[in-house]
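The values are calculated or read from the model by the stated rules, or taken from the named source; none is laboratory data. Please read all numbers here as calculations on a predicted model, not as lab measurements. Glycine also receives a Cβ, built like all others from the backbone with ideal geometry; neighbour counts cover every protein chain displayed. Ligands, DNA and RNA are stripped out before the accessible areas are found, and what is left, the full protein with its side chains, is counted by its heavy atoms. Shrake-Rupley method; radii C 1.70, N 1.55, O 1.52, S 1.80 Å.
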Amino acid sequence: MTASSPDSIPAGVQSLPEQTPPPIHGIVLAGGRSSRMGTDKALLPIGGVPLLQRVVSGMALLCRGVTVIVPASEPDRYAALPLGPEVAFAADRYPDKGPLAGIHAGLLAMPAECDYALVMACDMPVLSEPLLRRMTAALADSPPPEAVLCRGQPMHALYHRRAAGAAERLLAADRLRLSGLAEALRTRYVEPPGGAEAEAELFLNLNTPEELQAYLRKFHTY
Ligand SMILES: Nc1nc2c(ncn2[C@@H]2O[C@H](COP(=O)(O)OP(=O)(O)OP(=O)(O)O)[C@@H](O)[C@H]2O)c(=O)[nH]1
């Protein structure tokens, strides 16, 4: 290539600019029974703010809009929380089928401008921008993945809106394991930033009073 050839890179530019990552919608699962916690996990006060509100605020900073997925029997469960105008609610279409039903409903409710969603659980207090960047970089693969998971973690993961079809087939067959969704898709796995030892902290979720107490003690967020 000569300096005057039509496809030459202009002087001073070392490489072509990186592709702009596609807009990512945020989906937060907030159904479920919280039976191990004994009280609604979404409303646990962390530093005085309900956990769902904290998760949603973090997602709103990183995502193009956020949808909270609630049980079909209680569509207004969190309507009183001040979650902000960019936050929508959608209800499960398969009641009482667990997180897979929440992912399915979320993917069907995505706005047209986004093809991928970041799926989080309302009981996961840690949202990692470096991990999200690593996952969105994987979307440039050819062919593009239908899901990007950090190791085998089905939450804090990206799913293409097309994954709703695979989720629907699994739900119809009553195959509710979340790992079944990643297995049914063209899934790309990435490593956690900070290495394998960072995984437990990144994917911390608060299921029991003991886990909540340990989290509050560690991060001083009473
Ligand atoms: N939309 C939706 N979200 C769900 C459903 N079941 C669980 N979730 C969410 O998925 C995430 C993981 O849920 P789990 O901890 O496995 O289940 P849980 O019912 O919340 O809690 P346990 O009763 O203690 O098992 C949490 O964010 C839940 O709010 C469901 O049926 N619908």
Filter pass, residue 30 being over 30 Å from residue 141 (Cβ atoms), buried (at least 17 other Cβ atoms within 10 Å of the Cβ) and within 11 Å of the ligand (Cβ to nearest atom): yes
Restricting the stretch 41-52 to residues that are in contact with a Phe, Trp or Tyr (Cβ under 9 Å, 6 or more places away or on another chain) and within 14 Å of the ligand (Cβ to nearest atom), the residue that is nearest to residue 117 (Cα to Cα): 52
Extreme residue, surrounded by the fewest Cβ atoms within 10 Å (Cβ to Cβ), among residues of the stretch 63-121 that are β-branched (Val, Ile, Thr) and away from the ligand (no atom under 11 Å from the Cβ): 87
Of the criteria (1) more than 16 Å from residue 164 (Cα to Cα); (2) assigned to a helix (DSSP H, G or I); (3) without any contact (Cβ under 8 Å) to a residue 40 or more places away in the chain, which one residue 105 fails: (1)
Residue, modelled with the lowest pLDDT, within the stretch 203-222, restricted to residues that are open to solvent by 60 Å² or more (accessible area, probe 1.4 Å) and in a loop (DSSP other than H, G, I, E, B): 222
Tally, over the stretch 135-163, of residues that are out of contact with any Ser or Thr (no Cβ under 9 Å at 6 or more places or on another chain) and either in a loop (DSSP other than H, G, I, E, B) or open to solvent by 10 Å² or more (accessible area, probe 1.4 Å) (or both): 14
Residue check for residue 200: crowded, with 17+ Cβ neighbours inside 10 Å and among the hydrophobic types (A, V, I, L, M, F, W, C): no
Spans of strands (runs of 3 or more DSSP E) in the stretch 22-98 with at least 1 residues touching a Ser or Thr at 6+ places or on another chain (Cβ under 7 Å): 24-29, 87-91
The listed residue being modelled with pLDDT of 95 or more, open to solvent by 10 Å² or more (accessible area, probe 1.4 Å) and either more than 16 Å from the ligand (Cβ to nearest atom) or farther than 30 Å from residue 93 by Cβ (or both), out of 185, 131, 178: 185
Check on residue 35, open to solvent by 30 Å² or more (accessible area, probe 1.4 Å) and within 13 Å of the ligand (Cβ to nearest atom): yes
Filter result for the condition that a residue is free of Cβ contacts under 8 Å to residues at least 24 places away in the same chain and touching a helix residue (DSSP H, G or I) at 6+ places or on another chain (Cβ under 9 Å), over 200, 167, 184: 184
